[in-house]
Each structure stands twice: as C-alpha cells, then as structure tokens.
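Engineer: Next up is a structure, given as structure tokens.
Any read-out appearing in this document is the output of simple, stated calculations on the displayed coordinates, not a laboratory observation. Values in this document were obtained by computation on a predicted structure and should not be read as measured data. Counting neighbours? That spans all protein chains shown, and the Cβs are built from the backbone with ideal geometry, glycine included.
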Amino acid sequence: MRTIYSDRHRLHHGKTELTDGQLLPCFEMPSRADMVLARIQAVGLGAVLAPSAFGLGPVKRVHRSDFVDFLGTAWAEWAATGRTHDALPLVWPVRGMRTDRIPLDIDARLGYYSMDAGVPITAGTWTAVQDSADVALTGAQLLASGVEKSAFALCRPPGHHAAHDYMGGYCYLNNAAIAAQYLLDNGCKKVAVLDVDYHHGNGTQSIFYHRSDVLFASLHGDPQVEYPSFLGYADELGADAGLGFNHNYPLPLGTDWAHYAPALADACNKIAAYAPDALVVSLGVDTFENDPISQFLLKNADYSRMGEAIGQLARHSRGGQRLPVLFAFEGGYAVDDIGINTVNVLTGFESTAG
C-alpha cells in the first residue's frame, strides 16, 4: 500500500489548547505523524509519495469559500496586531446571537469560524493544512485513476471535526470529506465514509447530512459524556435526501474489542448494502487503551482485527470486484503506540482485502 505524506506538516505546531479549564500543551503534535511514518518504513508497507498540489478548487467543493479564505489570512491578520503567540478565539456566537454578519475583528472571526479552542493557528498552520488536504486528494486521485485499489493518506492536521464553515478539535479542513467529494467528482456515483476515530466525526456528518450520494457511519464515544458533545447520537439518521444515510454508533466509556467488534460489523454491513463505488476510512487510533484523551480499551492486536474487518468489506462488497479504499489519518495521541496501531490496521486490511 502506498502512503502519501508531506513533511511540511511540521510547520503546524500549536503550543497551547484550552482543555480541562487550562491552557495546556497541544496533544496534537508533529511527532504523531513522524511516529506513524517511522513504523510504515520499518515494516516496509510500501512506497511513500509526496502529495500533488490541487489548489483550492476541490477544497471549496466541500468548505464555504469565505471560511477557506479566512484560514488563508488568519495568521497574517493576527500577527498584524503585534501578537506572536498562537491565535485562539475569544468569543463564539451562540443561541440568540447574530450569525448573519461576519465581524471584522480577528479575535471575533476566530470564534465565528470555530467550534472550540482546540485549533491554534500559527505562522505555518495554513501551509500544513493545505498540504494535509493535498495528501488526501492525492490518495483519492490514485483510487479514481485506477492506479491503486487502496492508499493511506497520512494527513496532519487531521480533519473530521471540520465542517462546511468551521474548524474545531485540531481540524481545519475536512480531509476525508474533501477526498470523498473528489471521488464523486471523478467517476464515483456513491461513496461511503467509515469513521473509526474515538470522537464522533461531527464535521463529516454535517457536510453530508442532507445527501444520499455519501453514506456516513461513525463508531465513537457516547457524546452524552464525550467530545464533541452536540452531535453523534444514534437518532441522527440524515435529513431530506440524506435520510437513512447517516449511521452513528455511540459506545460507552470503557468499550473493549468484544463490544466494539459488533458495532463495526454492523457498520460494515450497512456500507456493503449501500454498495458504494469507493470507501474513505477516517482512521483514528485514539480508541487505544492508553490514549491520554480517550476512554476506550482497544489493544494493539485489535487494530489488526479492525483492518481485517475493513478488508473483508472491501473484498466482498462489490460482487467480486474489490472496493477501492482510502485511509485518511485522524486522531491518536499515545505517541509510543500510534505507529504500531495505525500500521496494524493497514497490514490487517491488506492481509484480507486480496
């Protein structure tokens, strides 16, 4: 399996995030991607490719143009005020406030275009964010062109919390959604997105919630007690043309493989019944038992089983024709094991996909 990777991800290195009521060092750090790449090279998974440049056209097929333009200028506007530390929002529009007018003040616009204070913007953030989207798009291009049946987009920053017009949860542009839309624009009639990150992919859900050409399935910590709190419930089934094409599997804290596996099997069955032309997997490995910001109990070997389940789906879901699958890297913050667990998914997938 080929991996697409850009070392310019290191240009994004936020110093602080607001969590547990404190400004703390960011859990989302450059070493995450570096550890995954090191493991890929250690096991000889396959060639590592640099991304192609796609410009902002495919990005704006998913994200609102003014939001994308804001990301491109936010650091310069912040720095123009004389500040050299990370840019973080000050105020968010909530119930009863006006959202029809975009403020001129950079502090307010950081809040207007975000859902939380887990998205620090630095001098190098926009370059890294663009490259992360290009990493996903290059993987999607490999699938759309028929060059590969599977690929791994080692995206950093991650993407699945970013919605049509806001960032959040370490995510600025939604790499998985951008890749899915690219596949639709280049020959696919239907695409499925399977999100196995510990946290619900609220951004991906909201982007496709009213559409039937993308089926979204997410396994995650119950939002009643876990981030992102305000989306990810089982009764969120889609709306309008998208009704019946959104499937959430909120799972209790302390979920282990014995309880995770049936939910994954059901999600795979729903994807198989949907019969997509391609599958995008939002691959977060923060379901690991030792992850510092998550509370599931999956072990190293369970990620091989996860990959095998997705491989079986790819092998059998199209009447003998292998389903093209793009893995897009999302969360996972136990750096010592993040490479092992990510590559276990990929090698488990390859062992069964055929």
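Engineer: Mind checking which of G232, G311, G55 has the largest fluctuation in a GNM of the chain, springs on alpha carbons under 10 Å?
Structural biologist: Looking only at G232, G311, G55, the largest GNM fluctuation is found for G55.
Engineer: Divide by every residue of the chain the summed helix terms, -39500 (n - 2.57) for each DSSP H run of at least 4, and state the resulting mean residue ellipticity at 222 nm, rounded to the nearest 500 deg cm²/dmol.
Structural biologist: -11500 deg cm²/dmol
Engineer: Same structure again: What helices in the chain pass both tests, a Cα length along the helix axis of 24 Å or more and a mean Kyte hydropathy of 0.0 or higher, using whole DSSP H runs?
Structural biologist: Once both thresholds are applied, what remains is 125-144, 257-274, 335-353.
Engineer: Which whole-number percent gives the relative contact order of the chain, counting Cα pairs below 8 Å spaced six or more residues apart?
Structural biologist: Across the chain, relative contact order equals 18 percent.
Engineer: Taking other Cβ within 10 Å of each residue's Cβ, how do T127, T138, T81, T204 sort, fewest first? Present the calculation step by step, with values, prior to reporting the outcome.
Structural biologist: On the way: T127 15, T138 24, T81 10, T204 31.
With the fewest neighbours first, T127, T138, T81, T204 line up as T81, T127, T138, T204.
Engineer: At 0.36 nm per residue, minus the direct Cα-Cα distance, what do N269 and F230 gain on full extension? Give it in nm, one decimal, please. List each step's numbers first, then the result.
Structural biologist: Details: separation 39, 0.36 × 39 = 14.04 nm, distance 2.64 nm.
Gain on stretching N269 to F230: 11.4 nm.
Engineer: Working out 0.36 nm times the residue gap between R318 and K60, then minus their Cα-Cα distance, what length gain in nm do you get to one decimal? Let's see the in-between values first.
Structural biologist: On the way: separation 258, 0.36 × 258 = 92.88 nm, distance 3.07 nm.
Answer, rounded to one decimal: 89.8 nm.
Engineer: Name the lysines eligible as straight-distance cross-link partners of K149: C-alpha to C-alpha under 27 Å, and not fewer than 8 places from it in the same chain.
Structural biologist: Excluding near neighbours in sequence, the set is K60, K189, K190, K270.
Engineer: If R₀ is 25 angstrom, what is the calculated FRET efficiency for the pair A76 and T16, using the beta carbon separation as r and rounding to 0.05?
Structural biologist: Working from the Cβ atoms, E equals 0.80.
Engineer: Could you tell me the relative contact order of region 124-197? Use alpha-carbon pairs under 8 Å, at least six residues apart, and round to a whole percent.
Structural biologist: Relative contact order here is 29 percent.
Engineer: Which of M35, M97 has the fewest other C-beta atoms within 10 Å, and how do the rest follow up to the most?
Structural biologist: M97, M35
Engineer: Still on this structure, please answer the following. What length, rounded to one decimal in nm, is gained on full extension from D256 through to A241, with 0.36 nm per residue of separation minus their alpha-carbon distance?
Structural biologist: Working: separation 15, 0.36 × 15 = 5.40 nm, distance 3.48 nm.
Contour length minus the Cα-Cα distance gives 1.9 nm.
Engineer: Then there is this: Answer with a single label: of [x] 24.9; [y] 19.9; [z] 30.4, which was calculated as Kirkwood radius over Cα pairs in Å from the structure in view?
Structural biologist: [y]
Engineer: Hey, another quick one. Can you sort D197, D20, D337, D7 by how many other beta carbons sit within 10 Å, fewest first?
Structural biologist: Listing D197, D20, D337, D7 from fewest to most nearby Cβ atoms yields D20, D7, D337, D197.
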